[in-house]
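Everything below concerns the one structure shown next.
The values are calculated or read from the model by the stated rules, or taken from the named source; none is laboratory data. A quick note: this is a predicted structure, and the numbers were derived from the prediction, not measured. All Cβ positions, even for glycine, are placed from backbone atoms using ideal geometry, and neighbour counts span all protein chains on display.
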Amino acid sequence: MPHDSAPDRSPLDRVLDLPPLAPVARRVASLNARYRHHGATAVMERALHDPEVGRIALVSSFGAESVVLLHMLSVMRPETPVLFLETELLFPETLAYQRDLTERLGLRDVRLIHPDPEALRARDPDNSLHRRDMDACCLLRKAEPLERALSGFDTWITGRKRFQGGTRAALEFFENEAEARIKVNPLARWTKADVQDYIQNNRLPRHPLVARGYPSIGCAPCTSPVAEGEDERAGRWRGTGKKECGIHFVNGRMVRGPVPADAMPAPRPVLVRNDEHAPQEDTADATPAPQPDAPVIVTDQGFAADDWSHPVTPLAEFSGPTGPVTAIEIGPEDDPQLLARHLPEIDMIRVRFPSFSDGRGFTHARQLRLMGFQGRLRAAGPVIADQYAMARRSGFDEVEIPAELARRQPWPQWQRRANWRAHDYQSRLRA
Ligand code: SF4
């Protein structure tokens, strides 16, 4: 029987059993060295087939120039997943163009990535959030869904180019995304004329709004036409000063751009920073090592024993502060809004994850932080290393995992994701 179809193997088992890839930095250096003299199509072709790249997806906005990479993909490997952020505030022309291109190009796995419906109901029930708080709106409709969608991939392809300037001026074909993923930029060295030539030479259909003065196309409420001589992106969030979509949370504070060092939590006692299979004590004065079956706490500094000794009350049994220290547990079905008036009195919230594929806990964390929760926020359950950066960006301070998972995913596998704060999360969504 094929290995991955054994009936007694859970999805988590199968994820953990994938052959390990070398650290991202090493693979990026090797890929850039190998392909530095190649052109865009060769880089795309190799990226889609090179085993060092791992599980790969193309993220596309189906915007003004997206057709170039979509066409290359359709020729080289049309079954590759294409992630399309359907914010539910796009132009009808974009949705029609997406359907038309998908059919014409024969793309076989276009995935429409929607915002979480519960989060939409809670945070933007009348679709007006973009008028009050654009960052919060982009977080809800773009950043959070993209992060969820990318959690199962090792690499993603973008359409970024050097001629777009700024931090892109020195763009390489392969980039290290916070030691967690590889970002491939096949068009890095193309000029504007190269893009136009490719579209014309291959007789590819343009987004209908290009002819109506939209050289860069995003959500309808935040995109306007551009006048002759204006920057291509002048019509995006016009007059607001906003340039990017991404945003994240650190310790309950909303952060734009790279995370400042002073926003990071104080170091906690670290028990495991090695690649042994069992947690071990690292320093003489550290918290005592956990029992073999005790859950392990994952922080940016390493594995730690659980230092929380107060009772944790399930939300269903909570009616108010339980003493000098209050801790609450919520599950995926719970509504964090029920805690709204008590948040200042709560010291810790433990958000339960029933399985690694259930992402509702990430939404709960963001909602709690948006509601102003400043206390300790913990994700608890079979969260895997791939999801650590997403957990931290969602506002969690730490992740509590079962001892068995800690043995099967030792600290070095988490360590690559623990560097999540070095990544300029803003840059990923500029498209
Ligand atoms: S671009 Fe505008 S409408 Fe779209 S998610 Fe961002 S703020 Fe909201």
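Some points to look at:
- Pairs linking a residue in segment 219-241 that is in the same structural domain as K142 (by TED's automatic domain parsing) and in a loop (DSSP other than H, G, I, E, B) to a residue that is aliphatic (A, V, I, L, M) and within 11 Å of the ligand (Cβ to nearest atom), with Cβ atoms under 7 Å and 6 or more positions apart or on different chains, are W237/M134; T240/M134.
- Looking only at segment 117-148, and only at residues there that are surrounded by fewer than 21 Cβ atoms within 10 Å (Cβ to Cβ) and more than 12 Å from the ligand (Cβ to nearest atom), the one that is modelled with the lowest pLDDT: R148
This table checks each residue for (1) within 16 Å of the ligand (Cβ to nearest atom); (2) closer than 20 Å to L146 by Cα; (3) assigned to a loop (DSSP other than H, G, I, E, B).
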position	(1), (2), (3)
A57	no, yes, no
G63	yes, yes, yes
E79	no, yes, yes
L83	yes, yes, no
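- For beta carbons closer than 8 Å, sequence separation of 6+ or different chains, a first residue in segment 303-332 that is within 22 Å of D293 (Cα to Cα) and a second that is among the basic types (K, R) and in a loop (DSSP other than H, G, I, E, B), the qualifying pairs are F303/R273; A304/R268; D307/R268.
- Per the conditions (1) more than 16 Å from the ligand (Cβ to nearest atom); (2) out of contact with any strand residue (DSSP E or B) (no Cβ under 9 Å at 6 or more places or on another chain); (3) over 20 Å from H207 (Cα atoms); (4) modelled with pLDDT of 90 or more, the sole criterion not satisfied by R168 is (4).
- Filtered residue count, segment 96-116, keeping only those that are away from the ligand (no atom under 14 Å from the Cβ) and within 30 Å of L370 (Cβ to Cβ): 3
- Of the criteria (1) assigned to a loop (DSSP other than H, G, I, E, B); (2) among the β-branched types (V, I, T); (3) at pLDDT 85 or above, which one V298 fails: (1)
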